[in-house]
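Visitor: Right, I'll just put the structure down here and ask away after.
The values are calculated or read from the model by the stated rules, or taken from the named source; none is laboratory data. Predicted, not measured: the structure shown is a model, and the values here were computed from it. Please note: Cβ atoms are built from the backbone with ideal geometry, for glycine as well, and neighbour counts cover all protein chains shown.
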Amino acid sequence: MGDTEIDSREQLFIKKDQLRDSINDLLDEWGVDMELESFHIQAKRARSCPPGYELVFEAVEHPDGSVTYQWVCKKP
């Protein structure tokens with residue numbers, strides 16, 4: 001496994017923890033007596049970027065105001 005793949009996996013797990021924390025904060029805010037302890041994330045497929053770009057996992061805001069985490073190609 002290359003350094004880039006290790007970094008991507010590490011970033012995925014960091015984002016997964018941030019997402020879990022956000023969900024739990026929202027449940028608290030709504031007064032819901034529940035806590036999300038864990039969930040499973042599986043990459044659907046490997047992705048690559050054109051030369052001069054790097055693949056990053058980040059929040060993407062959509063026109064309807066929703067936010068999802070996605071792999072996107074960005075200039076470093």
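Visitor: For segment 18-65, give me the residue count where each residue is surrounded by 10 or more Cβ atoms within 10 Å (Cβ to Cβ) and in a helix (DSSP H, G or I).
Guide: Total meeting the criteria: 11.
Visitor: If you don't mind, another one. List the pairs whose first member sits in segment 44-67 and is on the phi > 0 side of the Ramachandran plot, whose second member is of a type outside the set (Val, Ile, Thr) and modelled with pLDDT of 85 or more, and whose Cβ atoms are under 8 Å apart, counting only residues at least 6 apart or on separate chains?
Guide: Cβ pairs passing all conditions: Gly52/Lys75.
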